[in-house]
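Note sheet for the following structure.
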Amino acid sequence: MHAGPAPPSAGEPEPSGHEPAARPSRGTVQRRRALTLGAGAAGAGLGAWLWPPSTETEPGASAPKLRHAGRSGWEALAALALEPIRAGLAEPAPSPFRLLQSWETLSPLVGRQFDRVQAQAAFVYDNALAGMALLHAGESEGARRIGMALLLCQEQDRHYTDGRLRNAYRTGPVYADAPASAALPGWWDEASRSWREDGYHAGTSAGVMGWAMLLWLALFEATREAEFRVAALRAAMWIEQACADARGPGGYRGGVIGHEPEPARLSWKSTEHNIDIAAAFARLAAATGDRAWQRRAARARGFVAAMWRPEQGRFLVGTLPDGVSPNRHVSALDVQLWPSLLDPQMRAWRRAIDFALTTHGLPREAPRAALRGLDFDTDRDGIWSEGTAQAMLALRQTGHPDDLVLAARLAGTLLSYRTRANRFRATDVDLLSTGQATGLVRGEADFRYPRRGHLAVNAWVALAALNANPFAPVPRLPRGRLDAI
């Protein structure tokens, strides 16, 4: 997902609405999502899209039982998961630089509010993940096209010049010589007779910025193109200046939400965000040789360590809005899985994987070997596909035989959730609760996932199938690791 205690877009207009201001001229340039829906179920009308369920993984197997594109097992799963990503990049356009649509949507004529709000949305987190999946598959050119589109969005913002990105942009090509192409998604609201934009889309999450940095730095490492390092440095400076927070356990707060010129500050601090920032700042230190970024990475990592509860074998999600008091009220799946990817040498942190399997796993009360998937939170009202793919990767990274078998079993579950276009659905229920809030509706846990195909799931499935840690540098691979899938 993205983000922590206040994750991505509610999918509804801000209560007060927003009509975007006229775009100032900038000249020619030389750059988590659960969604609150309208009254109906998110999955309405999509039943016919389900692909026939895949055969379950054979008991004791350490790879999914799958053949695809002349491959088998994990390589076949990587090929299948990358297909929609590559197809999205292959759509003809005058510009090679492109952002991919995050969610499968229905026509606004038959869909719900979700479809109006998200039809154009390309979330930065989702696209950064897709780019890293391509890089780990040896497909640097596709990753570069996404990375350059994000770079142009950073350079061509209609208001800000401080290096930040918005959380989402309009799906499609982005042009170096057409700043208006770096646009926010939006929709026409017939009731108010106005163009509307979502407050989360327009805001900036510190963790999302961390993921954009990770893609840019991976591209710099792969291509040695200095503009990616510059973009990452600008993003890091915004995080440092806008989000560094010395209160309590230190670290970095959530970012901002809402529209220019004065979006609202998010004063809570997220364990997940600080994981992203710790990884990104450490990579930036290596790319620039500037030790200050290593110290700042240590500050973010220190926050993560402060959220570790060894007596429970788990991580807290972060702080309350005071930036000091620990948020003990909820558990988020990714917060338990990502620390072991951030620092594989911290073997004690692997206990959080076991905590996740025990408290987020489904079916409820099932033994570890019989789990089919994991929920976002502990109410276990459905399987969260993105987090289940993250668990696949975390389990594969341990290398333990039992973990490898369970990872393959989880892959079998996710294969039954893909659409005819091989996009993996976000969940197996119409609307998955998370117990968390977007920050757009005061006092309401309005962050939910719909049962729709979701780009982030495909990216995480591909990373898990490739056994590729997105927080670590990309290994040097021959071009086309999977023979140009």
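Things to note:
- Any hit, the stretch 314-330, residues being of a type in the set (Val, Ile, Thr), buried (at least 21 other Cβ atoms within 10 Å of the Cβ) and either more than 24 Å from Ile277 (Cα to Cα) or modelled with pLDDT of 95 or more (or both): yes
- Looking across the stretch 84-140 at every residue that is aliphatic (A, V, I, L, M) and in a loop (DSSP other than H, G, I, E, B), the one that is farthest from Ala183 (Cα to Cα) is identified as Ala137.
- Look at (1) hydrophobic (A, V, I, L, M, F, W, C); (2) under 21 Å from Asn458 (Cβ atoms); (3) in contact with a Pro (Cβ under 8 Å, 6 or more places away or on another chain); (4) at pLDDT 95 or above and you find that Ala119 fails only one, number (4).
- The set of residues in the stretch 248-302 being on the phi > 0 side of the Ramachandran plot and either under 20 Å from the mean Cα position of the chain (by Cα) or polar (S, T, N, Q) (or both) consists of Gly255, Gly258.
- Per-region count, the stretch 254-295, residues of a type outside the set (A, V, I, L, M, F, W, C), in contact with a Gly (Cβ under 7 Å, 6 or more places away or on another chain), assigned to a strand (DSSP E or B) and surrounded by fewer than 24 Cβ atoms within 10 Å (Cβ to Cβ): 1
- Test: residue in the stretch 184-198 that is in contact with a Gly (Cβ under 9 Å, 6 or more places away or on another chain) and crowded, with 24+ Cβ neighbours inside 10 Å: yes
- Among the residues of the stretch 414-435, those that are of a type in the set (Lys, Arg) and touching an Asp or Glu at 6+ places or on another chain (Cβ under 9 Å) comprise Arg423, Arg425.
- Arg372 vs. criteria at negative phi, of a type in the set (Lys, Arg) and either crowded, with 17+ Cβ neighbours inside 10 Å or in contact with a helix residue (DSSP H, G or I) (Cβ under 9 Å, 6 or more places away or on another chain) (or both): yes
- Among the candidates Asp428, Asp483, Asp446, Asp403, the residue that is at pLDDT below 95 and more than 24 Å from Ser205 (Cβ to Cβ) is uniquely Asp483.
- Only residues that are in a loop (DSSP other than H, G, I, E, B) and in contact with a helix residue (DSSP H, G or I) (Cβ under 6 Å, 6 or more places away or on another chain) were counted in the stretch 296-327, giving 3.
- Subset of the stretch 73-110 (residues that are modelled with pLDDT under 95, of a type outside the set (Asp, Glu) and either surrounded by fewer than 19 Cβ atoms within 10 Å (Cβ to Cβ) or over 21 Å from Asn458 (Cβ atoms) (or both)): Ala90, Pro92, Ala93, Pro94, Ser95, Pro96, Leu106, Ser107, Pro108, Leu109, Val110
The values are calculated or read from the model by the stated rules, or taken from the named source; none is laboratory data. Just so you know, these numbers come straight off a predicted model, no measurement behind them. Backbone-built Cβ (ideal geometry, glycine too); neighbour counts: all protein chains shown.
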